[in-house]
1. Residue by residue, what Karplus-based ³J(HN,Hα) values in Hz, rounded to whole numbers, does the range 72-81 have, using 6.51, -1.76 and 1.60 with θ = phi - 60° and x for Gly and Pro?
2. Karplus couplings for the range 171-187 from phi (6.51 cos²θ - 1.76 cosθ + 1.60, θ = phi - 60°), rounded to Hz, Gly and Pro as x?
3. Output wanted: per-residue J couplings in Hz (rounded whole) for the range 47-63, from phi through Karplus 6.51 cos²θ - 1.76 cosθ + 1.60, θ = phi - 60°, x for Gly and Pro.
4. Across all directions of projection, what mean area in square nanometres is found for the Cα convex hull of the range 34-89?
5. Where does each of 105-113, 81-89, 121-129 land if you order them by average Cβ count within 10 Å, highest first?
6. Only Lys, Arg, Asp and Glu count, each charged at its Cβ (+1, +1, -1, -1), so figure out the dipole size of the range 15-123 about its Cα centre, rounded to 20 debye.
7. Counting only the heavy atoms of the protein chains, how much of Val154 is accessible to a 1.4 Å probe, in Å² to the nearest 10?
Amino acid sequence: MHELIPPVTLALGLRLLDLLGILAFSMSGALLGVRKRFDLFGVVVLGCVTAVGGGAIRDTLTGQTPPLFLRDETYLWVALAGAGLAFAFGERLARFERTLNIFDTVGLALFAASGAIGAINFGLGPLGVIFVGMLSGVGGGIIRDLIANEVPEVMYRRDQLYATAAALGALAVLLLYPHVTPFQAQLAGALVVIGVRWVSRRGWVQLPVRRLPGG
C-alpha cells in the first residue's frame, strides 16, 4: 500500500504536517504569552519552546538526535513566524481562550500522530508507540503551561480529554499504519485526537476521579 505514492510525495506530506504542528503550537504558546502580558521576547520564547518541545521529545525517544528542529532550521523559522503573528494580531482576536484551545488541539493532534509514526519506524512495540505518541503530543503543552505558571491541563481536566486523546490518536496510527500510507495514517490519527477533544469538551465523555473520604 505504501508503494502507491512516491516516497518523495510521502515525505513532503509528512513534513507539511510536522510544520503545521509547529505553527499551531507556536501560536498556542505565544497567545498564552500575550494573554499573560509577556513582552515580545517572552512571547517569542514561549511560542518557540512550545512549538519544538513535543518534536524534541519525539526525536529523543526515537533515537533521532540532535532533534529535527536543530538539523533543519525551517522548523525554527516557522515557530518564530507563528509567535510573531500571535504577538502582532493577538489583541484583535475576540476570544483568547477559544483560539488558544483550537491551536493547542491541532498541535496536540499532529505531534501525537507524528510521534507514533516515529516510534513505529524506530521499531517500538504497541505500548511504546502509544507512549511516545502521547508524550510527543502533550510535551509542548506541558512545557508551555509550566513556563507560564499554569497547572498543565493534562493533570486535571478530566472533562477535557488531553493525554487520553493523544494516546487514542497514536493507537489509531498504529492500527492503520500497515494498511495505508504513513501520511494517511498520521492524518487519520490527528483527526482522531481532534474528534476525541471535541467530544470531551462538550461533556459527553470524561475520566473517573477517585475521591478520598473527606476530600
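1. Each residue of the range 72-81 in turn: 9, 6, 4, 5, 5, 5, 5, 4, 4, 5 Hz.
2. Once θ is set to phi - 60°, the couplings for the range 171-187 become 4, 4, 4, 4, 6, 8, 3, x, 10, 9, 6, x, 4, 5, 5, 5, 5 Hz.
3. Rounded to whole hertz, the list is x, 5, 5, 4, 5, 8, x, x, x, 5, 5, 4, 5, 5, 5, 9, x.
4. On the way: hull surface 15.3 nm².
Across all orientations, the range 34-89 yields a mean hull projection of 3.8 nm².
5. 105-113, 81-89, 121-129
6. Using only the charged Cβ atoms, the result is roughly 260 debye.
7. 40
The values are calculated or read from the model by the stated rules, or taken from the named source; none is laboratory data. These numbers come from a predicted model, not from an experiment. Cβ: placed from backbone, ideal geometry, glycine included. Neighbour counts: every protein chain shown. Accessible surface is based on the protein model in full, side chains and every heavy atom, while ligands, DNA and RNA are left aside. Shrake-Rupley method; radii C 1.70, N 1.55, O 1.52, S 1.80 Å.
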